[in-house]
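Colleague: Pasting a structure here, questions to come.
The values are calculated or read from the model by the stated rules, or taken from the named source; none is laboratory data. From a predicted model like this one, the values you see are computed outputs, not experimental measurements. Virtual Cβ from ideal backbone geometry, glycine too; neighbours counted across all protein chains shown.
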Amino acid sequence: MHCTMEDLVAVRDGEGSTGARQHLEDCAACRAELDALYQRVAQLKALPALRPPRDRWDVVRAELVATQRRRRRWWGTMSLAAAAAVAGLIVFRPWSGGNTLHAELSQAKQRCSTLESALQQYDADGRVVSGRSAALAAQLEDRIAAVDGQLSQLSPATGGSRPPEAKLVDLWKQRATLMQQLYQVRVTRVSYVGL
């Protein structure tokens, strides 16, 4: 019976049993395996030591800043598209009664506009946030984008009949609520906003 790898490693480390040492003297196959083990260890020791480069921080930071800029540009574009859709609704489709809905819509749009300008003034690049806060902010941004998509589908530019004003008001109120939650996450660092 030949020596196991554990026996060979023990012999190499000077801890092998006398039976294993005696077997190595008699068995050419086990001696060859022990020599191969010494060669593998020597080859592993000859490998260069790998150390991470110290100058990677600039590359990582530049990538993060580029990602944030792309996200801001996307948000700006979506906000402008939503504002253009609403302006088109107001200009090209006059309201047929329902001053209450018109007032609620104006109030929700004004609230969204105020929150957007407050978020743009807030410097998110210079602040460190937790992973949970960043994930929560990303989730809220995705939900706002979904509402913006629904608002753009209700615009008269997409064709079809006149959009229901109540649904439009509800979407703008929902957008304002989501913007308020995003403001709370980014500025006041609230970790739970009821999602």
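Colleague: For residue 80, work out the one condition from (1) hydrophobic (A, V, I, L, M, F, W, C); (2) in contact with a helix residue (DSSP H, G or I) (Cβ under 9 Å, 6 or more places away or on another chain); (3) surrounded by fewer than 13 Cβ atoms within 10 Å (Cβ to Cβ); (4) modelled with pLDDT of 70 or more it doesn't fulfil.
Modeller: Only one criterion in (1) hydrophobic (A, V, I, L, M, F, W, C); (2) in contact with a helix residue (DSSP H, G or I) (Cβ under 9 Å, 6 or more places away or on another chain); (3) surrounded by fewer than 13 Cβ atoms within 10 Å (Cβ to Cβ); (4) modelled with pLDDT of 70 or more is unmet by residue 80, namely (2).
Colleague: If only one of 33, 63 is assigned to a helix (DSSP H, G or I), outside the structural domain of residue 173 (by TED's automatic domain parsing) and modelled with pLDDT of 85 or more, which one is it?
Modeller: Working: 63 fails: outside the structural domain of residue 173 (by TED's automatic domain parsing).
Of the residues listed, the single one that is assigned to a helix (DSSP H, G or I), outside the structural domain of residue 173 (by TED's automatic domain parsing) and modelled with pLDDT of 85 or more is 33.
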